[in-house]
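Notes to accompany the following structure.
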Amino acid sequence: MDTSVDRIAEPWGSRTPYGRHGKWPERVDTYLADGIAPDEVQRWVRAASILHSDGDAMDIAVKDDRMVGVRGLASDRVNHGRLGPKDLFGWQANSSEDRLTRPLIREGGRLVPCDWETAMSRVAARSQDLLDERGPGSIGFYTSGQLFLEEYYTLAVLARGGIGTNHLDGNTRMCTSTAAEALKESFGCDGQPGSFDDIDHADVIALFGHNLPETQPVQWMRVLDRLSGDDPPRLVCVDPRPTPAARLATVHLAPRGGTNVALLNALLHEIIRTGRIDQEYIAAHTVGFDELKKRVADCTPEWAAGICDVPAGAIREAADILGSAERLLSTVLQGVYQSHQATAAAVQINNLHLIRGMLGRPGAGVLQMNGQPTAQNTRECGANGDLPGFRNWENDQHVADLAKVWNVTPETIPHYGPPTHAMQMFRYAEQGSIRMLWISGTNPAVSLPELARIRSILAQDRLFVVVQDLFLTETAQLADVVLPAATWGEKTGTFTNADRTVHICDKAVEPPGEARPDLDIFLDYASRMGFKDKDGAPLVTWHDPESAFEAWKRCSAGRPCDYTGITYAGLRRGSGIQWPCNEEFPEGTGRLYTDGISWAHPDTCESYGKDLVTGASTTVVEYRSLNPDGKALLKAAGYLPPHEEPSEAYPFQLTTGRTIYHFHTRTKTGRAPQLNAAAPDVWVEASAEDTDKLGWREGDLMEVVTPRGSLRARLRVTDIRPGLLFVPFHYGYWDTPAGHGPREGTPGRAANETTVTDWDPVSKQPLFKTAAAALRLVARGEEADNSAPTTAASAPARAGSGTATVGGPTAYASQAYGDKREGSGA
């Protein structure tokens, strides 16, 4: 049976109900360019989506050497054939006319085209000059969450083993560093405990600061299908916005921004007070329960209600559901991660699962989710602040082991201190100790906080900026050298999603002009720099994606993220594979910690942990004393108020976030016609209670002001909690006359004009959820002036307000049920 659905108006498509412990039915979603019939497709090329962290498997349709559509892969464990709106339409950005096709170098203040030899020679020459004059600490690398594993690993080797710099991090610092840190704090090591398959078995699903319907829409389809089937799960949703999950939740808690720790401590208090804990599991697999119990002893629902502005009865009801669950699945994302006590809060969710023994069984798991699509690989490969293979930079044996893999001396690998996080790297660039910053596949001139400061850093004459990207982004416009990169569908590589599933993306078409794969650019740089191992042989010995993957397998051997059982050929079969995959687990591993905690021993752990309040590192002596047997750690944390509270001048809290139709800074999705039309410009959401009181209306032109800056946007009146404003962070300036920033003297468009330079002390993840802000009326508008989506969390409070979000004839995608002839991977 086939149906066709407008996937802009109905982002999650049609329902395929199934009951608890059942198999999620297949549904193959397909979108082909206008005028292309399925039998005209000449090739289907295996891939997976890089526009979110779900890793939806798909095939790319090719005709006459150009992409003409996509089709979900029914046999894949992640999506069972389904695709979200960005998956269906985002590929069209690849063929945009404004793709970069030649390198650019700055001459006389202007970027001018050149050949690769000229551009790379300039990059290599500046690198060598800086190494000679200022040493390896003068060079930094800031990468993405969208490259492939092979590219991150090569970058990590050349940066840490070749240049010898400690300054390598990714924009994943902003989306996933808290996930990694929370896992290390609780389990001694990174690695997602749960699996998306847990949705099939859970009787309670709790979403903590996670707008699953918009950030991982395919897994939300899975939840919707469970809710439509027999024995549906109960939902507990913690979110200040009226997300689709909140609307369907048994209990929806909408706390004041920055109060997650207080709320979670109250939930733990109630669960412990009512005795709904697994004493046997706690005794066998954890340390720290007595301290946790003592810490939350006074954290009653009434106490938390006064902090969080949530009814005590609702907290008690949520605790009752969480405490009585037979199989509890929790998911966590930016509502927890982008706050001042991010890690402390995320760890309390791990604590909830540990004291209830809710790990390692079908339906019982925690998903500390990722934001960026290939964020997991930055963490594994050492391109996101840690050493490759989840090695501990404070453990000399781990460093020696890595040095052996690379055939360098341990002293070659910088491990005198923690790897530099992104926010510190930009501070070093601002202060002048970093003199060269190589930015690959990301756009900090829109995505980092306090943009006026970021633009001033990137525009410094003393800072040599290299940008490697698809388009002349806001950041690229400030660069000294711009390198045109190939993207998904134009190169081959692998990546790993948020539940440890590894997929392959094969090259389907040639990149435009002279654009090159990121791997080729890094290999070229390594060759020009002449990086050698300790025997004088080339440090980087691989030459293409598959040989790079094999090199990574050797680095991952024996580590938690063991890839040694995965091959390119295996990934091209019917489904992605979850690591660890090795001789012991040749088919991959669905869930971690099925038989206790395995990577928290002092000799094997990735981290000895940090103080959850100050971020100060725990020493190895302290860790051995606390956890000699390598159990999970129950780490308690007290509540601290946000660093910036509302005031008379700035009476609102401002949170930034995402819409289902766009990815990151919109460089791709803004060039996909259906996605851009669904959400073409920035908006600001405020509650009906606040706007009624102040006389503001849907469509009014507003100015959002904080101590850092301001932006203008149309008003959307929603059921968001009173006192809170929401602005999507996707919008920058590349499609405005100004180019890379607001015109002088005019208000901005980007949310991060207003956000604060501040971060969680443990994970170093920036704060995007708790700025104090004012909202001012600039001019009256009409409802029709507002182009904000009327779907999902941005739906207007009053039905019929705003212009309904529909895609029209060009947004219809087919849905095929029970048809294994197409998209089966057979």
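The values are calculated or read from the model by the stated rules, or taken from the named source; none is laboratory data. These figures come from a predicted structure and were not determined experimentally. All Cβ positions, even for glycine, are placed from backbone atoms using ideal geometry, and neighbour counts span all protein chains on display. Quick note on the areas: whole protein, heavy atoms, side chains included, nothing else; ligands and nucleic acids left out. Shrake-Rupley method; radii C 1.70, N 1.55, O 1.52, S 1.80 Å.
If you take the residues in segment 15-32 that are buried (at least 22 other Cβ atoms within 10 Å of the Cβ) and charged (D, E, K, R), which one is farthest from residue 90 (Cα to Cα)? Only one residue fits best here, namely 26. So, in segment 304-314, how many residues would count as being surrounded by fewer than 19 Cβ atoms within 10 Å (Cβ to Cβ) and within 33 Å of the chain's Cα centre (by Cα)? The number of residues fulfilling the criteria is 5. Suppose we keep only residues that are among the polar types (S, T, N, Q) and under 22 Å from residue 315 (Cα atoms) within segment 220-268. Which one would you say is surrounded by the fewest Cβ atoms within 10 Å (Cβ to Cβ)? Only one residue fits best here, namely 250. Just one of the listed residues (605, 581) is surrounded by 20 or more Cβ atoms within 10 Å (Cβ to Cβ), under 19 Å from residue 354 (Cβ atoms) and modelled with pLDDT of 95 or more, and it is 605. Under the condition of being β-branched (Val, Ile, Thr), open to solvent by 30 Å² or more (accessible area, probe 1.4 Å), modelled with pLDDT of 95 or more and out of contact with any Leu (no Cβ under 7 Å at 6 or more places or on another chain), the residues counted in segment 728-783 number 1. Among the residues that make up segment 286-303, is at least one of them part of a helix (DSSP H, G or I), under 22 Å from residue 254 (Cβ atoms) and either among the hydrophobic types (A, V, I, L, M, F, W, C) or in contact with a Phe, Trp or Tyr (Cβ under 6 Å, 6 or more places away or on another chain) (or both)? Looking for residues that are part of a helix (DSSP H, G or I), under 22 Å from residue 254 (Cβ atoms) and either among the hydrophobic types (A, V, I, L, M, F, W, C) or in contact with a Phe, Trp or Tyr (Cβ under 6 Å, 6 or more places away or on another chain) (or both), one finds at least one in segment 286-303, hence yes. For segment 169-237, please list each of the helices (runs of 4 or more DSSP H) lying entirely inside it that holds at least 3 residues being over 19 Å from residue 579 (Cα atoms) and touching a Gly at 6+ places or on another chain (Cβ under 7 Å). Once the helices (runs of 4 or more DSSP H) in segment 169-237 are filtered for at least 3 residues that are over 19 Å from residue 579 (Cα atoms) and touching a Gly at 6+ places or on another chain (Cβ under 7 Å), what remains is 217-227. Yes or no: residue 385 assigned to a loop (DSSP other than H, G, I, E, B) and surrounded by fewer than 24 Cβ atoms within 10 Å (Cβ to Cβ)? No.
Take the residues in segment 55-81 that are assigned to a loop (DSSP other than H, G, I, E, B) and open to solvent by 10 Å² or more (accessible area, probe 1.4 Å); name whichever of them is nearest to residue 36 (Cα to Cα). Only one residue tops the list, namely 64. I'd like to check something: does segment 415-422 contain any residue that is open to solvent by 10 Å² or more (accessible area, probe 1.4 Å), in contact with a Lys or Arg (Cβ under 6 Å, 6 or more places away or on another chain), under 26 Å from residue 759 (Cβ atoms) and at pLDDT 95 or above? So far as segment 415-422 goes, yes, one or more of its residues are open to solvent by 10 Å² or more (accessible area, probe 1.4 Å), in contact with a Lys or Arg (Cβ under 6 Å, 6 or more places away or on another chain), under 26 Å from residue 759 (Cβ atoms) and at pLDDT 95 or above. Here residue 105 does not fit the description of being in contact with a His (Cβ under 8 Å, 6 or more places away or on another chain), touching a residue at least 40 places away in the same chain (Cβ under 8 Å), farther than 30 Å from residue 237 by Cα and of a type in the set (A, V, I, L, M, F, W, C). Among the residues of segment 494-516, those identified as on the phi < 0 side of the Ramachandran plot and either within 22 Å of the chain's Cα centre (by Cα) or assigned to a strand (DSSP E or B) (or both) are 494, 495, 496, 497, 498, 499, 501, 502, 503, 504, 505, 516.
Comparison of 519, 472 shows that the only residue that is closer than 12 Å to residue 440 by Cβ and either assigned to a loop (DSSP other than H, G, I, E, B) or touching a residue at least 40 places away in the same chain (Cβ under 8 Å) (or both) is 519. Identify the residue in segment 105-142 that is open to solvent by less than 20 Å² (accessible area, probe 1.4 Å) and touching a Pro at 6+ places or on another chain (Cβ under 9 Å) and, among all such residues, is farthest from residue 48 (Cα to Cα). The qualifying residue farthest from residue 48 (Cα to Cα) is 130. Counting only residues that are open to solvent by 30 Å² or more (accessible area, probe 1.4 Å), touching a Gly at 6+ places or on another chain (Cβ under 8 Å) and either aliphatic (A, V, I, L, M) or assigned to a loop (DSSP other than H, G, I, E, B) (or both), segment 669-704 holds 3 of them. Cβ-Cβ distances below 9 Å connect the following pairs, each with a first residue in segment 740-755 that is in contact (Cβ under 8 Å) with a residue 12 or more places away in the chain, a second residue that is among the acidic types (Asp, Glu) and open to solvent by 10 Å² or more (accessible area, probe 1.4 Å), and a separation of six or more residues or different chains: 741/753; 747/703; 747/753; 749/681; 752/450; 753/450; 754/450; 755/450. For residue 651, the conditions (1) in contact (Cβ under 8 Å) with a residue 24 or more places away in the chain; (2) surrounded by fewer than 24 Cβ atoms within 10 Å (Cβ to Cβ); (3) under 30 Å from residue 287 (Cα atoms) are fulfilled apart from (3). Annotation: of all residues in segment 705-719 being touching a helix residue (DSSP H, G or I) at 6+ places or on another chain (Cβ under 8 Å) and of a type outside the set (S, T, N, Q), the one that is most open to solvent (accessible area, probe 1.4 Å) is 719. Considered as a group, the residues in segment 433-464 that are among the small types (Gly, Ala, Ser) and open to solvent by 10 Å² or more (accessible area, probe 1.4 Å) include one that is farthest from residue 481 (Cα to Cα), and that residue is 452.
With the requirement that a residue be farther than 25 Å from residue 89 by Cβ and either acidic (Asp, Glu) or open to solvent by 10 Å² or more (accessible area, probe 1.4 Å) (or both), what does segment 465-503 give you? 477, 478, 480, listed by residue number. Has segment 535-545 got at least one residue that is of a type outside the set (D, E, K, R), closer than 15 Å to residue 503 by Cα and touching a helix residue (DSSP H, G or I) at 6+ places or on another chain (Cβ under 9 Å)? Within segment 535-545 (the criterion being of a type outside the set (D, E, K, R), closer than 15 Å to residue 503 by Cα and touching a helix residue (DSSP H, G or I) at 6+ places or on another chain (Cβ under 9 Å)), the answer is yes, since at least one residue qualifies.
Each row is one residue, and each column tells you yes or no for (1) part of a helix (DSSP H, G or I); (2) out of contact with any helix residue (DSSP H, G or I) (no Cβ under 9 Å at 6 or more places or on another chain); (3) more than 30 Å from residue 168 (Cβ to Cβ).
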residue	(1), (2), (3)
736	no, yes, yes
745	no, yes, yes
756	no, yes, no
763	no, no, no
777	no, no, yes
801	no, no, yes
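The residues in segment 543-578 that are open to solvent by less than 20 Å² (accessible area, probe 1.4 Å) and either in contact with a Lys or Arg (Cβ under 6 Å, 6 or more places away or on another chain) or within 20 Å of residue 197 (Cα to Cα) (or both) can be counted, and the count is 5. Restricting attention to segment 250-292, the residues that are without any contact (Cβ under 8 Å) to a residue 24 or more places away in the chain and on the phi > 0 side of the Ramachandran plot total 1. Of all residues in segment 581-590, one or more are in a loop (DSSP other than H, G, I, E, B) and in contact with a helix residue (DSSP H, G or I) (Cβ under 7 Å, 6 or more places away or on another chain).
Restricting attention to segment 340-367, the residues that are among the small types (Gly, Ala, Ser) and open to solvent by 10 Å² or more (accessible area, probe 1.4 Å) total 1.
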